[in-house]
1. Out of Leu179, Leu183, Leu172, report the one residue that is under 30 Å from Phe119 (Cα atoms) and assigned to a helix (DSSP H, G or I).
2. Go through segment 6-45 and report how many residues are under 25 Å from the mean Cα position of the chain (by Cα) and among the hydroxyl-bearing types (Ser, Thr, Tyr).
3. Out of curiosity, is Ser102 assigned by TED's automatic domain parsing to the domain that holds Asn133, at pLDDT 95 or above and of a type in the set (Gly, Ala, Ser)?
4. For segment 1-30, name all the residues that are within 28 Å of Ile168 (Cα to Cα) and free of Cβ contacts under 8 Å to residues at least 40 places away in the same chain.
5. Can you say whether Ile266 is closer than 15 Å to Pro207 by Cβ, without any contact (Cβ under 8 Å) to a residue 40 or more places away in the chain and aliphatic (A, V, I, L, M), as far as the supplied structure shows?
6. Considering only segment 123-136, I want to know if a residue exists there that is among the aliphatic types (A, V, I, L, M), at pLDDT below 95 and outside any loop (DSSP other than H, G, I, E, B).
7. Could you list, in sequence order, all residues of segment 68-86 that are surrounded by fewer than 19 Cβ atoms within 10 Å (Cβ to Cβ), touching a residue at least 12 places away in the same chain (Cβ under 8 Å), assigned to a loop (DSSP other than H, G, I, E, B) and of a type in the set (S, T, N, Q)?
Amino acid sequence: MKIIRGIHNIKEINSDSVITIGNFDGVHLGHQELFFNTYKIGKKYKLSTIIILFEPQPLEFLKKNNAPIRITQFREKVQRIASYNLNYILCIRFNKSFECLSAEDFIINILINKLNVKFIVIGDDFRFGFQKNGNINLLKKLGNKYQFNVIKVSSLYKNNIKISSTNIRKALSENNIELASLLLGRKFSISGKVIHGNAIGRTINYPTANILLNKNFPLINGVYAVKIRYCSNKNATGISNIGVKPSFCNTEKNKLLEVYLFNIEIDLYGQDIEVFIYKKIRDEKIFISKKELKNQIFKDIVTVKKYFKIY
């Protein structure tokens, strides 16, 4: 899969295409259904398969600090989409001029004139263009005129709950990790590069691997039962704290994910790891001493090991 950054680089695509469009935040089961359909159509009709997404996401541009919190950052989103064997990701910069582009101009100037679209695969609630005036009816109308097909993929449900990024965010904000994972179609996880921390964990015999998190992160601060994947295919079990270390000096108030691994000592500095979140154990607390913190960590580890049935 090749990433094309910006409309000005579209000339790299010089064949007829099948396209799906969206934010694809979370790359959940509904998004995956769009990718599967795009792939199948591309293979059947020998078309280039193209995913169109936007950076920043439209509501991040329009609502700034009041935008919905991301489930997946751009890098992780691209990595997950890449596993579906599609040809291109076209990443369009969402700015003031693009905001003002009408739905019809977007279809004609970009999808038809530049991408030679023959099929568009969309969800049943898809809206686009200036003030979201574009919908499936407009697509079908223009499809008849400009000879492209519109494939509508119906929304999916699990336990009578619509699979959507909104509902996944809601589940995570309510500590319902099991529901979020069900809607995602995989265990909710966080990926990142391990950085150096302030080594407080080492002073109390609980060294941690640390990942710097975006300040807007969907999970509530606290302690979680986790598993990690490192070196591509190796796994380990542990306990994680997500938060800003309120007990100790953290003048920048950076949000970190810290992982203490059970029964293994390994230097993960500089490595990319994926942390799978299973269950919240408790909220973040303030401790007045390292001794108090150490005692609480011991209790938390007992709880997590019991959860994972490690004896």
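The values are calculated or read from the model by the stated rules, or taken from the named source; none is laboratory data. Keep in mind that what you see is a predicted model, and the values were worked out from it rather than measured. Every residue, glycine among them, receives a Cβ derived from its backbone with ideal geometry; neighbour counts consider all protein chains shown.
1. Being under 30 Å from Phe119 (Cα atoms) and assigned to a helix (DSSP H, G or I) holds for just one of Leu179, Leu183, Leu172, which is Leu183.
2. Residues that pass the stated criteria total 3.
3. no
4. none
5. So Ile266 fits the description; yes.
6. Looking through segment 123-136, at least one residue is among the aliphatic types (A, V, I, L, M), at pLDDT below 95 and outside any loop (DSSP other than H, G, I, E, B).
7. Those that are surrounded by fewer than 19 Cβ atoms within 10 Å (Cβ to Cβ), touching a residue at least 12 places away in the same chain (Cβ under 8 Å), assigned to a loop (DSSP other than H, G, I, E, B) and of a type in the set (S, T, N, Q): Gln73, Asn85.
Rundown of residues vs (1) within 30 Å of Asn109 (Cβ to Cβ); (2) buried (at least 19 other Cβ atoms within 10 Å of the Cβ), yes/no style:
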| residue | (1), (2) |
| --- | --- |
| Ile136 | yes, no |
| Lys141 | yes, no |
| Lys152 | yes, no |
| Lys158 | no, no |
| Glu174 | no, no |
| Glu178 | no, no |
| Gly185 | no, no |
| Lys193 | no, no |
| Asn241 | no, yes |
